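The values are calculated or read from the model by the stated rules, or taken from the named source; none is laboratory data. Quick caveat, the model's predicted, so the values are computed rather than measured. Please note: Cβ atoms are built from the backbone with ideal geometry, for glycine as well, and neighbour counts cover all protein chains shown.
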Amino acid sequence: MPAACSAARTALARLSGYVRPEHPVMREVSAALQAATGWDLSRSACGTDGCSIPTHAIPLRHLAHAFARVATGQGLSADHARAALRLRQAVARAPFFVGGTGRYDTRVMERLGERLFCKVGAEGVHCAAIPELGLGIAIKMDDGNNSRACEVVLSALVARLLPLTDADADFMRGLADLSLRNWNGIEVGRLAAAPALDLR
């Protein structure tokens with residue numbers, strides 16, 4: 001027991017302050033992010049997100065490329081490819097821990113399992129990996145809204161790209177065509193995919 005407590009204290013001490021950019025843990029995270037995106041992080045602005053970790057400005061193309069690499073493991077080191085596979089499998093088993101109760105990412109991954117890995121970001125960013133197609137998707141909504149339109153677009157893209165059963169296609173269609181209601185429950189508009197992303 002004393003050895004276990006000592007090991008736990010050592011692990012906690014190693015993680016203390018891990019959100020700082022210069023911390024060894026965050027340096028490892030940044031190196032993995034740079035390797036996956038293929039983007040030189042020193043070239044971009046870096047801020048602090050709501051979780052207090054360093055947040056880099058990365059072009060959408062590079063984010064999509066990173067999610068494609070997470071989908072396939074191609075272009076990653078052997079260790080990172082194995083980690084990406086473990087991550088996708090763990091998320092497919094317990095998507096709740098990605099999004100939480102009733103959230104878009106949770107609902108979609110509960111439905112599609114390992115066929116889709118998706119994660120909302122901040123300020124209207126949403127990314128996804130489609131392993132069987134080897135594709136990565138990165139979306140940015142100019143209005144910065146993390147839900148609504150971003151989710152409609154991702155739903156339409158997934159339904160258009162991924163072969164689905166009729167039931168799964170109906171599920172995705174329901175997420176790609178939403179009624180907007182005011183506080184009194186009156187429909188005041190709709191959010192739907194543009195004709196170029198028509199699900200039919």
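Some notes on this structure:
- Set 167, 192: member being over 16 Å from residue 149 (Cα atoms) and either in the same structural domain as residue 71 (by TED's automatic domain parsing) or out of contact with any Ser or Thr (no Cβ under 6 Å at 6 or more places or on another chain) (or both): 167
- Residues in region 43-63 that are out of contact with any Gly (no Cβ under 7 Å at 6 or more places or on another chain) and in a strand (DSSP E or B) were compared, and the one that is nearest to residue 23 (Cα to Cα) is 54.
- If the condition is being part of a strand (DSSP E or B), within 12 Å of residue 162 (Cα to Cα) and either of a type outside the set (Gly, Ala, Ser) or modelled with pLDDT under 95 (or both), then region 115-148 contributes 130, 135.
- For region 142-188, residues that are of a type in the set (Gly, Ala, Ser) and exposed (fewer than 10 other Cβ atoms within 10 Å of the Cβ) total 2.
- A single entry from 86, 14 fulfils the requirement of being surrounded by 10 or more Cβ atoms within 10 Å (Cβ to Cβ), in contact with a Pro (Cβ under 8 Å, 6 or more places away or on another chain) and either at pLDDT 90 or above or part of a helix (DSSP H, G or I) (or both): 14.
- For the residues 101, 106, the requirement of being among the polar types (S, T, N, Q) and either part of a helix (DSSP H, G or I) or surrounded by 12 or more Cβ atoms within 10 Å (Cβ to Cβ) (or both) singles out 106.
- Any chance residue 151 is within 14 Å of the chain's Cα centre (by Cα), more than 21 Å from residue 69 (Cα to Cα) and part of a helix (DSSP H, G or I): yes
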